[in-house]
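Student: Got a structure for you, questions after.
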Amino acid sequence: MSIITVKNLRKSFGTVEVLKDINAEIKEKEVICVIGPSGSGKSTFLRCLNLLEEVTGGEVVINGHDITDPKAKININKVRQEVGMVFQHFNLFPHKTVLENITLGPIKIRATDKAEAGRLALELLDKVGLREKANSYPGELSGGQKQRVAIARALAMNPKIMLFDEPTSALDPEMVGDVLEVMKQLAKEGMTMVVVTHEMGFAREVGDRVIFMDGGYIVEENEPNELFGNPQHVRTKAFLSKVL
Amino acid sequence: MDIIVAALPILLKGLQVTLYIFVIAIILGFLIGLVVALLRLAPIKILNWIAKVYVDAIRGTPFIVQLFFIYFGVNSLNLISLNSTTAGIITVAINAGAYFAEIIRAGIQSIDKGQTEAARSIGFTGTQTMRYVVLPQAFRRMLPTITNQSIISLKDTSLLSVIGIADLTQQGQIQASATFEAFKIWLVVGVIYFIIIYLLTLIANFIERRVQVR
């Protein structure tokens, strides 16, 4: 049973067609890594999964809800609560402390009791190794710490799916490891994850499947060892020869 | 000195009127500004257009013309009858509202799109995103400009004396002509305005420091 189904997904910005007929099935607890050159449409693809981008055509079904069907009257805000997202530039709320960043969603959306939300947030901070930063402001954290808080913030809504949009691309190299470690842990716990990444090592080690995108298409998808070890398509070969 | 001592209680009466009008008008003006800014940014063309016409109309006409329009013009239609204080408050409010609208719009637009995306991705509605994420940050950024506009509006209230409102300026005028001591009286009036505006600035600075994003 797929938790994410994408059928004939198309997305244009003005006259530029960024996604051209994307089809994908993602099963529960799968970790999918999406790789490809910049401009290939991988981030746009990810952002279509929670409708941060309005789709131009096709279908996106999340956990049984066709979020692209205007007749289905899906409450996208409800669906988004089940789909956490982590951004390249963290996008933490700078006017709130780390703890408030994490509790804002549960308190305001789920009407969780403040003390209970705080307790939950501290648990999540433990998980990402940042309990001592609970009362700091985002501006006082390093990039790697910010991203781990961002992961905790997304997890606070107890999502079924986590989307990662190049979560380590804006980090100094020595910060990347900590963030990937948290993501690995999350994968181990059985979280369904879609990760747009340039970290080929991570894709290879943690990914159940790797999707290679180029020019708005999914060019090739396979188990990581197959895709990295024995790429079928010329464009996959060309890309991997540059990044590996 | 006696003249100043004698005139001071009367001038302070005028100051009360000035502050009363200012406080009500600035709060109304701010609310108008907030609503107009949100209309301006709403994804509905006609609302954007209404907001833009309002802002352009106010910015493109002198304050005194707006005041005469509302006090003499609107009253001459005999549909409603506005007393001078009400007309004064309304004029200052809609005037400040147009400028506040632009300040608030610019403030909202200055907040990184990623903030909205992060909030929406958690599941916040558009309204919740505005309320909990965008506006609190935008207001911090807007504070210096809001202070500035408030000071301008406070000074604009002195023009209300021309429709007979007994504000600080009007009382100054009366005192100046009654005592033939224009120099002293207007100096005192100026000092009173200055002190009030200086206090306003201090309060604004205090708030700014309190809410600074670390």
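Student: Considering only residues that are open to solvent by 20 Å² or more (accessible area, probe 1.4 Å), in contact (Cβ under 8 Å) with a residue 12 or more places away in the chain and not in a loop (DSSP other than H, G, I, E, B), which ones fall in segment A:97-127? Walk me through it before giving the result.
Tutor: As a first pass, look at segment A:97-127 and keep what is open to solvent by 20 Å² or more (accessible area, probe 1.4 Å): A:99-100, A:107-116, A:119-120, A:122-124, A:126-127.
Filter again for in contact (Cβ under 8 Å) with a residue 12 or more places away in the chain, leaving A:99, A:109-110, A:120, A:122, A:124, A:127.
Matches in segment A:97-127: A:Leu99, A:Ile109, A:Leu120, A:Leu122, A:Leu124, A:Lys127.
Student: Restricting to segment B:188-214, give me the number of residues that are over 14 Å from B:Ile151 (Cα atoms), open to solvent by 60 Å² or more (accessible area, probe 1.4 Å) and modelled with pLDDT of 95 or more.
Tutor: Going through segment B:188-214 one residue at a time, the tally reaches 1.
Student: Assuming A:His65 fulfils every condition listed in (1) within 23 Å of A:Gly190 (Cα to Cα); (2) surrounded by 21 or more Cβ atoms within 10 Å (Cβ to Cβ) apart from one, which condition is it?
Tutor: Of (1) within 23 Å of A:Gly190 (Cα to Cα); (2) surrounded by 21 or more Cβ atoms within 10 Å (Cβ to Cβ), only one is false for A:His65: (2).
Student: Determine if segment B:40-58 includes at least one residue that is open to solvent by 40 Å² or more (accessible area, probe 1.4 Å) and among the small types (Gly, Ala, Ser).
Tutor: Checked against the condition, which is being open to solvent by 40 Å² or more (accessible area, probe 1.4 Å) and among the small types (Gly, Ala, Ser), segment B:40-58 yields at least one hit.
Student: What are the residues in segment A:192-244 that are closer than 30 Å to A:Leu124 by Cα and open to solvent by 30 Å² or more (accessible area, probe 1.4 Å), if any?
Tutor: Listed by number, the residues that qualify are A:His198, A:Glu199, A:Gly201, A:Arg204, A:Glu205, A:Asp208, A:Arg209.
Student: Can you name every residue in segment A:21-53 that is touching a residue at least 40 places away in the same chain (Cβ under 8 Å), over 16 Å from A:Glu221 (Cα atoms) and either open to solvent by 40 Å² or more (accessible area, probe 1.4 Å) or assigned to a strand (DSSP E or B) (or both)?
Tutor: Result: A:Glu28, A:Lys29.
Student: OK, next. Could you check B:Lys13 against (1) buried (at least 18 other Cβ atoms within 10 Å of the Cβ); (2) touching a residue at least 40 places away in the same chain (Cβ under 8 Å) and say which number it fails?
Tutor: (1)
Student: Among the residues of segment A:128-143, is any away from chain B (no Cβ under 14 Å), within 15 Å of the chain's Cα centre (by Cα) and among the acidic types (Asp, Glu)?
Tutor: Within segment A:128-143, none of the residues are away from chain B (no Cβ under 14 Å), within 15 Å of the chain's Cα centre (by Cα) and among the acidic types (Asp, Glu).
Student: Go through B:Leu67, B:Leu34 for me and flag whichever is touching a Gly at 6+ places or on another chain (Cβ under 8 Å), in a helix (DSSP H, G or I) and open to solvent by less than 70 Å² (accessible area, probe 1.4 Å). Quick ask: steps written out before the conclusion?
Tutor: On the way: B:Leu34 fails: touching a Gly at 6+ places or on another chain (Cβ under 8 Å).
Of B:Leu67, B:Leu34, the one residue that is touching a Gly at 6+ places or on another chain (Cβ under 8 Å), in a helix (DSSP H, G or I) and open to solvent by less than 70 Å² (accessible area, probe 1.4 Å) is B:Leu67.
Student: Continuing with this model, one more query. Can you tell me how many residues within segment B:117-173 are in contact (Cβ under 8 Å) with a residue 40 or more places away in the chain and not in a helix (DSSP H, G or I)?
Tutor: The number of residues fulfilling the criteria is 4.
Student: Shifting gears a bit: Every residue in segment A:97-126 that is touching a Leu at 6+ places or on another chain (Cβ under 8 Å) and either at pLDDT below 95 or over 29 Å from A:Ser169 (Cβ atoms) (or both), please.
Tutor: Answer for segment A:97-126, where residues must be touching a Leu at 6+ places or on another chain (Cβ under 8 Å) and either at pLDDT below 95 or over 29 Å from A:Ser169 (Cβ atoms) (or both): A:Thr112, A:Gly118.
Student: Here's a follow-up. As an exercise: evaluate A:Ala150 against (1) within 9 Å of chain B (Cβ to nearest Cβ); (2) within 23 Å of A:Leu171 (Cβ to Cβ); (3) in contact with a Gly (Cβ under 9 Å, 6 or more places away or on another chain) and give the number of the one condition it does not meet.
Tutor: (3)
Student: Still on this model: Can you find, within segment B:104-119, the residue that is nearest to the other protein chains (Cβ to nearest Cβ) among those that are closer than 20 Å to B:Thr147 by Cβ and open to solvent by less than 30 Å² (accessible area, probe 1.4 Å)?
Tutor: Here the residue is B:Ile111.
Student: Run A:Thr68 past the list (1) among the hydroxyl-bearing types (Ser, Thr, Tyr); (2) within 14 Å of chain B (Cβ to nearest Cβ); (3) assigned to a loop (DSSP other than H, G, I, E, B) and report the number of the one that doesn't hold.
Tutor: A:Thr68 satisfies every listed condition except (2).
Student: I'm told B:Tyr99 meets every condition in (1) in contact with a Lys or Arg (Cβ under 9 Å, 6 or more places away or on another chain); (2) open to solvent by 50 Å² or more (accessible area, probe 1.4 Å); (3) closer than 25 Å to A:Lys96 by Cβ except one. Can you identify the failing condition by its number?
Tutor: Looking at each condition in turn, B:Tyr99 falls short on (3).
Student: Does segment A:81-94 contain any residue that is open to solvent by 60 Å² or more (accessible area, probe 1.4 Å) and more than 11 Å from chain B (Cβ to nearest Cβ)?
Tutor: We begin by selecting, within segment A:81-94, every residue open to solvent by 60 Å² or more (accessible area, probe 1.4 Å); these are A:89.
From what is left, the residues that are more than 11 Å from chain B (Cβ to nearest Cβ) are none.
There is no residue in segment A:81-94 that is open to solvent by 60 Å² or more (accessible area, probe 1.4 Å) and more than 11 Å from chain B (Cβ to nearest Cβ).
The values are calculated or read from the model by the stated rules, or taken from the named source; none is laboratory data. Small disclaimer: the values here were computed from a predicted structure and weren't measured. Don't worry about glycine lacking a Cβ; one is built from the backbone with ideal geometry, like all the others, and counts go over all protein chains shown. Note: areas computed on protein heavy atoms with side chains; ligands, DNA, RNA excluded. Shrake-Rupley method; radii C 1.70, N 1.55, O 1.52, S 1.80 Å.
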